[in-house]
Amino acid sequence: MKRCLIILCFLSAFVLFCSWGFFPHKLINQHAIYTLPPDLSYFYKKHEYSIKEFAVNADKRVYIDPAESPRHFIDLDRFEETDSIEIPWYKVKKRYDEQYILSRGIVPWHIESTYKKLVNAFYKKDIPRIIKLSADLGHYTADAHVPLHTTSNYNGQFTNQIGIHALWETRIPEKFYKGYKLYVGKAEYVDDLLKFAWDTVKESHALLDSVLGIEKELSQETPILLHRSYILRGQQIQTNYSDFYISSYHNRLNNMVKRRMKKSIYAIGSLWFSAWVDAGQPDLKSKFIPVEIDSLAIQKDSKFFGREEWH
Ligand SMILES: [Zn+2]
């Protein structure tokens, strides 16, 4: 049986390390718009479609830019302690070998650097850049809210839980989002960006034991035949978590995924709002420029530079 399962796993669809899944990223960016004060939300609502569509550009760039992947995660378990690395990027670069840091991920610093670029774009009233950078900042901030983006065991590969990444951040929100009330109130000003980013990843990391432990317990208590469902597509057998398994995990997590989505939405709205305030609250009310949707299409034979996962 075990061998059969292994074979089926290898026949299964090979999917990419997409973070939150494409759909949840778009949903999170969209809901972040609703946290903004009227002066700013007017602009974001006009560009809602682009802000949503660009929400996944950062993941698509992993196909064309080898430097992109580390911007989406940080392996906190690969640092002896985090206090010494909660420092500005320019100090990190002086203290550590670049490869050492890049191999462990840089999401907190990348949130800060994307934020600074967004402030600059607001200052210049550069509409296409405001939209693209807002969408990117939303993406990285949402990724930082995912516990499995803070560990080298990002897909349960060290604990015999391969596939847990997509289960937690894609399968569950896709299946249950309609029941989620994602209203989170008003965005607030963030005065210490880097601290905010670090608090976020540390909060995510603190949930990691539950994310892994609850799934491990579920897999041990659930008859193996109920773990997965198999479908024949053409000549290929594809496998995925069964609806029963996804629902059981969701129930045992007690809305953790929803809470992280809501936290992401609140954080993203607050960062957009803060960037606008830092740029002097430019008046964007009359600004609408149709922004061409990036043709960051993933080609079948595109080289992938990121981490990969099975589901
Ligand atoms: Zn990502």
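Values in this text are rule-based calculations from the coordinates and carry no lab data. Just so it is clear, the model here is predicted, and its values are computed rather than measured. Note that we place each Cβ from the backbone using ideal geometry, even for glycine, and neighbour counts take in every protein chain shown.
In square nanometres, what is one fourth of the surface area of the convex hull spanned by the alpha carbons of the chain? The Cα convex hull of the chain, projected and averaged over all directions, gives 16.8 nm². Kirkwood hydrodynamic radius of segment 202-293, from the reciprocal of the average inverse Cα-Cα distance over all distinct pairs: 17.5 Å. Just report the Cα centroid separation between segment 74-118 and segment 248-265, whole Å. Value for the Cα centre distance between the two parts: 27 Å. In segment 74-193, the ratio of gyration radius to Kirkwood radius, Rg to Rh, stands at 1.02 when only Cα atoms are counted. Computed from backbone phi, the HN-Hα couplings of segment 216-231 come to 4, 4, 4, 5, 6, 8, 9, x, 4, 5, 8, 5, 10, 10, 10, 10 Hz, rounded to whole numbers (Karplus: 6.51 cos²θ - 1.76 cosθ + 1.60, θ = phi - 60°; Gly and Pro given as x). Per the Debye calculation on segment 52-143 with a single equal scatterer at every Cα and no solvent contribution, log₁₀ I(q)/I(0) for q = 0.16 Å⁻¹ amounts to -0.70. Residues in segment 31-39 carry Karplus couplings, in order, of 5, 4, 4, 6, 8, 7, x, x, 4 Hz; the curve used is 6.51 cos²θ - 1.76 cosθ + 1.60 with θ = phi - 60°, and Gly or Pro positions show x.
Applying a DSSP loop filter and a limit of 14 other Cβ atoms within 10 Å to the trypsin sites (Lys or Arg not before Pro) in segment 120-203 leaves Lys125, Lys181, Lys186.
Counting only Cβ charges, +1 for Lys and Arg and -1 for Asp and Glu, the dipole size of the chain around its Cα centre is about 740 debye.
Select from segment 149-206 those GluC sites (Glu not before Pro) which occupy a DSSP coil region and have at most 16 other Cβ atoms within 10 Å, ordered by residue number. Write out the running numbers ahead of the final one.
Working: sites: Glu169, Glu174, Glu188, Glu203; in loops: Glu188.
Listed in order of number, the matching sites are Glu188.
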